[in-house]
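These notes are about the structure you will find just below.
Read the figures in this text as sums done on the coordinates, not as results from a lab. All values derive from a computational prediction rather than experimental measurement. Cβ placement follows ideal geometry from the backbone for every residue including glycine, while neighbour counts extend to all protein chains displayed.
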Amino acid sequence: MKHKKKIDEIIRVDLAGEKGAIGIYKGQLAVIKDKSFSEEISKMLKKEEEHFKKFSELLIKYRVRPTVLDPLWDKGAFGLGLLSAALGKKTTMACTEAVEEVIIEHYQNQAKYLKGKDNSLAKVTRQFADDEKDHMHQAKNYDTGNDFFHKAFKIGVKSLSRLAIKLSEKI
Ligand SMILES: [Fe+2]
Ligand SMILES: [Fe+2]
């Protein structure tokens, strides 16, 4: 099939991304003491675990090799979660806002590409883009900071996310 390589990349990178999302939230939960705040994050974590499960199944179904960078994303994401939460509520949600902005665009581009080529996978990416939109809005309900530090933090997290995506697609 003509599009097999690109579709393999989509599944590989999305599985890695969802694993990263789980890592971030777990890292944050390891630090956060506020009960209602950690409950909110746990709910987002649950969604990411559903997303991860779906792409794990697809990985087997489509016979895709996972990214070799898997353990790196795992630890890196957990570390980012720890760091963002250790810096406070603003950075915790700034991290989610930044990551989700990148992921939403990423899923939407995939959905566009997949339309007419693999409609069931297109539907998954569309639905997950909507779930991530919910997370982004949830984060934006908080003050994620407009000062230099928080702006720079969000730009940094977005760049890291984009780099992780580029690498996970290919290797
Ligand atoms: Fe997700
Ligand atoms: Fe999410």
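Here are a few things to note about the model shown:
- The residues of region 60-86 that are outside any helix (DSSP H, G or I) and in contact (Cβ under 8 Å) with a residue 24 or more places away in the chain, listed by number, are Tyr62, Val64, Arg65, Pro66, Thr67, Val68, Leu69.
- Filtered by the rule that a residue be part of a helix (DSSP H, G or I), among the hydrophobic types (A, V, I, L, M, F, W, C) and more than 14 Å from Ala98 (Cβ to Cβ), region 119-171 gives Leu121, Ala122, Val124, Phe128, Ala129, Phe148, Leu167.
- For region 153-164, a residue qualifies if it is closer than 18 Å to Ala85 by Cβ and among the aliphatic types (A, V, I, L, M), and the qualifying residues are Val157, Leu160.
- Checking each residue in region 28-64 for being exposed (fewer than 15 other Cβ atoms within 10 Å of the Cβ), under 28 Å from Glu9 (Cα atoms) and over 15 Å from the mean Cα position of the chain (by Cα) picks out Glu57, Ile60, Lys61, Arg63.
- Test: Ala21 is of a type in the set (A, V, I, L, M, F, W, C), in a helix (DSSP H, G or I), buried (at least 17 other Cβ atoms within 10 Å of the Cβ) and out of contact with any Gly (no Cβ under 6 Å at 6 or more places or on another chain): yes
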